[in-house]
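Below is one structure, written out as structure tokens; comments come after it.
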Amino acid sequence: MQTPRNQRSRALRGWSSFVLACLLIPQPGLGDDRVEFFEKKIRPQLIEHCYQCHSADAAKKGKLKGNLQLDTRTGTRRGGDTRLAVVPGQPGKSLLVSALRHDGFEMPPDRQLPAHVIADFVLWIKQGAVDPRDGKPAERKNLIDWEQAREHWSFQSLSDSPPPQVDRANWIRTSVDRFIYTKLSEKGLTPTATADRRTLLRRTHFDLIGLPPSPQEVARFVGDPSPTAWQDLIDRLLQNRHYGERWARHWLDVARFGESQGASASLNRIRSGAFRYRDAVIRAFNEDMPFDEFVAAQVAPGRSALANDLAQFPHLGTSLEDADNPNDKLFHRLDDMVSATGSAFLGLTVGCARCHDHKIDPIPAEDYYRLTAVFFAQANVKPLAGKRAVPLEFTEPHLLAGGSWKRPVRKVSPGFVTVLMRAGQQSEDWLERSAEGKPGESPSEALDPRQGLAQWLTDVERGAGHLLARVIVNRLWQHHFGRGLVKTPNDFGRLGAKPSHPRLLDWLAGELIRNDWRLKPTHRLIMNSAAYRQASSDRWIENDADNQWVWHYRTRRMEAEIIRDNLLSVSGTLIPKMYGPSVNVGAKKTSQTERWRRSIYMLAPRFHAHPTLRVFDSVDNFQSVGERTVSTTPSSALFMLNAPFVWQQAELMAQRIKKEAGSGVEEQVDRIYEIAFARPPTAEERSLGIEFLQTASANGDSQTKPGLVQYCHSIMGLNEFIYVR
């Protein structure tokens, strides 16, 4: 005969399976963002502060100190006369960190570098000390062969190929499927059967609005006999006001949205008006603002209240500490603006051309500095280091050697990325306005360079518009399928991945443009496809574990914000209030009503992510993030098991269940599954749930939480609660 403890353990064994799964699933790598981090944060500091004494050039001059060379990966790892300079993954054992902190050794010897620079080195080493330098002298090309450079797939004009003909017409639902099925056939794979309606409903709700369907919405869709029930569902959700919140959160990752200065953990002042950018993005998505207009509003002066709020984009990044040299502050801000513009809109690591011509992509340093000239007037840096007056060395934009303001080369004028201009075009074609108001024709007056940038970014025929379209439709595909057609959403350059379906990518980009750059028609094209409606499967897992050929729907974990929103939603406590100043959830003065708003409205300071979000990999908002890291660690499992917030929501969910299902345990179990998973329990799940609730009721005491609370808590801990399939 089983004891109550054994019965309860049996009923909660799903939770144990969840914890075990969390412990066994490996953490994926961080990707090519670490290369960009080195190029932007580490190499410039090494060049400016270290190469004079620790480089091959210093050795040739007899000035090499400590037998340490820091101008190659090999030399950096090998170290000098003492111990290893850099031990990947272990900052504490890396002599370089000790020297930067002036702990035993002092580098540079005349002064300690700012705390944020040292923190960058610590983070670089902790993440593996990725260093693309191969130790060979760079072969500087005086001229780039632009014709050859433009042969890279992402720099070419959009192809004009129609959707292919296929021999399985009964599977095709939209033209998207023709491209997918053609690739599957080439690879010897077959698509997976369509998922059931409940699975599709839950998937679509989390994809489009980031919230679970209510039992009423489930009943409506499951019982809808209309042949257009699926299309009608998508249309309803695209018109739902929560759509803007869901998709704005994706864009805020790309825009490196943060609400604090981000100089350091101690100097991290909140920017009081930053929330207006977030609200403007939500409104833009809800209104289906054409994407070319959405982009233009973020880089050029606006003509409406919405555009003015979007124009905060260049200023969303981090600042240096007040005490830092204002010249460092100036070029830090300009670098942030240029790098974010390149990553967010073009999927290019333009920031890697700050110190030298880009090592991989055909982006010369001059292009980088001409882009800084576009934003130069926006930097607004005061000539102060703390309270001490320090003159700004530049009143006009300059090309710098090695990325250092101490090594100016010459003045530069505003300009753009040359490789993304059609042959014969030059930046000035977008920077001058004709008498009729058209850029580039019979110029009579100069444009604000930001307006010229907006024109160039969105010009499909002559400028960067073809790449802009590719990048955004790839982001849409990525968030619907968990993997972009281009696996590296922020890198469409030569280091990035090639598209798995290049013709489909170009066709979708063309459709976006033909639909006046509106995103909602692209959502419909993707979500109405048979490819999107496939069930999850393991049939071809050995052939294509990454699902790059889209033979099934890959199960995905929700993002941190959506996990929290889901907890609030199923407990019935989510406050649907939209817009307005961000909520400081941890502040004592914040009311409970405000605390339970959607996570997108939570204050987003740098360095201090909310614990509920941090444990599920909330975004690092120091730079543009195209794809979040998804780790599955014991800390996330323990959070769901022990966090007071989760127990609180379980108690509130139990109250909701009692109110909606009454006191009958069978009805309670059924209602819990409908609310949490949009489906009824299986026979085994129902039996276990009933058994647990009956046992808990018979053996409960004042020292333990009520059985219904414990059961709701165990449901929240199941894998299925935080995954979409």
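Tabulated values for the structure
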| quantity | calculated |
| --- | --- |
| Arg686 being of a type outside the set (A, V, I, L, M, F, W, C), closer than 21 Å to Glu217 by Cα and part of a helix (DSSP H, G or I) | no |
| Residue list for segment 575-601, filter: in a loop (DSSP other than H, G, I, E, B) and over 23 Å from Arg269 (Cα atoms) | Pro576, Lys577, Met578, Trp596, Arg598 |
| Top-ranked residue of segment 81-125 - restricted to ones that are of a type in the set (Gly, Ala, Ser) and free of Cβ contacts under 8 Å to residues at least 24 places away in the same chain, ranked as surrounded by the most Cβ atoms within 10 Å (Cβ to Cβ) | Ala85 |
| Residue match in segment 324-332 (condition: assigned to a helix (DSSP H, G or I), without any contact (Cβ under 8 Å) to a residue 24 or more places away in the chain and not polar (S, T, N, Q)) | yes |
| Among (1) free of Cβ contacts under 8 Å to residues at least 40 places away in the same chain; (2) surrounded by 21 or more Cβ atoms within 10 Å (Cβ to Cβ) - the single one Phe179 does not satisfy | (1) |
| The one condition in (1) assigned to a loop (DSSP other than H, G, I, E, B); (2) over 30 Å from Asp207 (Cβ atoms); (3) at pLDDT 95 or above that Val460 fails to fulfil | (2) |
| Flag for Gly92 being under 32 Å from the mean Cα position of the chain (by Cα), over 20 Å from Glu39 (Cβ atoms) and not hydroxyl-bearing (Ser, Thr, Tyr) | yes |
| The listed residue being out of contact with any helix residue (DSSP H, G or I) (no Cβ under 9 Å at 6 or more places or on another chain) and of a type in the set (Lys, Arg), out of Arg554, Arg539, Arg524 | Arg539 |
| Qualifying residue in segment 464-474 (condition: buried (at least 20 other Cβ atoms within 10 Å of the Cβ), more than 22 Å from Ala255 (Cα to Cα) and modelled with pLDDT of 95 or more) | no |
| Boolean, Asp288 is on the phi > 0 side of the Ramachandran plot, among the charged types (D, E, K, R) and at pLDDT 95 or above | yes |
| Yes/no for Ala650 being small (Gly, Ala, Ser), out of contact with any helix residue (DSSP H, G or I) (no Cβ under 7 Å at 6 or more places or on another chain) and crowded, with 20+ Cβ neighbours inside 10 Å | no |
| Unique match (being within 25 Å of Glu186 (Cα to Cα), of a type in the set (A, V, I, L, M, F, W, C) and surrounded by fewer than 21 Cβ atoms within 10 Å (Cβ to Cβ)) among Ala531, Ala509, Ala545 | Ala545 |
| Test result for Glu684, loosely packed, with under 15 Cβ neighbours inside 10 Å and on the phi < 0 side of the Ramachandran plot | yes |
| Some residue of segment 555-576 being buried (at least 17 other Cβ atoms within 10 Å of the Cβ), within 22 Å of Asp309 (Cβ to Cβ) and touching a Phe, Trp or Tyr at 6+ places or on another chain (Cβ under 8 Å) | no |
| Qualifying helices (runs of 4 or more DSSP H) (wholly inside segment 103-197; at least 1 residues being at pLDDT 95 or above) | 175-186 |
| Failed criterion for Leu189 (all others in (1) in contact with an Asp or Glu (Cβ under 9 Å, 6 or more places away or on another chain); (2) without any contact (Cβ under 8 Å) to a residue 40 or more places away in the chain hold) | (2) |
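For (1) in contact (Cβ under 8 Å) with a residue 12 or more places away in the chain; (2) crowded, with 19+ Cβ neighbours inside 10 Å; (3) of a type in the set (Gly, Ala, Ser); (4) within 24 Å of Ser571 (Cβ to Cβ), each residue gets a yes or a no:
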position	(1), (2), (3), (4)
Ile172	yes, no, no, no
Ala193	yes, no, yes, no
Arg198	yes, no, no, yes
Asp207	yes, yes, no, yes
Asp224	no, no, no, no
Arg241	yes, no, no, yes
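The values are calculated or read from the model by the stated rules, or taken from the named source; none is laboratory data. This one's a predicted model, so the numbers in the text were calculated from it and none came from an experiment. When we count neighbours, we look across all protein chains shown, and the Cβ atoms used for this are built from the backbone with ideal geometry, even at glycine.
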